[in-house]
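The values are calculated or read from the model by the stated rules, or taken from the named source; none is laboratory data. Since the model is a prediction, treat every value here as computed from it, not as a measurement. Neighbour counts run over all protein chains shown; Cβ positions are idealised from the backbone, glycine included.
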Amino acid sequence: MRFCWIPLLLVSCATAAITPTNLIENIPGRTTVSLDGAWHVIVDPFENGKERFFRDAKPKDKSDLVEYSFDLSPVLNVPGDWNTQREALMFYEGPVWYRREFNYHKI
């Protein structure tokens, strides 16, 4: 009978250890920046972006091969889903890369 109680005890201890707590203090007193609004997006059906889109590279000259541009890409609103914002994406299931530039100041 002891062997049955030990696994149950371990499970209950592990569950108690991951109980969320309020680690961030004074949330209303913090300066916040809303990131809602228009974001530039690149639809990536062939999953090519995981190796380079996050770099947001710009061509250095005319011979430099950069086949994407967030600056020239269409926008989608955040929060929101892409399926209802653009008819061509209604049934799309795959990666979409979002980019929005904003300024922040370290306190």
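A few notes on this one:
- From ARG86, ARG100, residue being over 18 Å from PRO45 (Cβ atoms) and surrounded by 13 or more Cβ atoms within 10 Å (Cβ to Cβ): ARG100
- Residues that are under 17 Å from TYR92 (Cβ atoms), part of a loop (DSSP other than H, G, I, E, B) and modelled with pLDDT of 90 or more within segment 37-81 comprise ASP44, PRO45, PHE46, GLU47, SER73, PRO74, GLY80, ASP81, listed in sequence order.
- Answer from THR19, THR15 - the residue that is at pLDDT below 65, part of a loop (DSSP other than H, G, I, E, B) and among the β-branched types (Val, Ile, Thr): THR19
- Checked against the criterion of being touching a strand residue (DSSP E or B) at 6+ places or on another chain (Cβ under 7 Å) and at pLDDT 85 or above, segment 23-36 contains one or more residues that satisfy it.
- Pairs where the first residue, in segment 37-55, is under 13 Å from ARG86 (Cα atoms) and the second is among the hydroxyl-bearing types (Ser, Thr, Tyr) and in a strand (DSSP E or B), C-beta under 7 Å, 6+ apart: VAL41/TYR98
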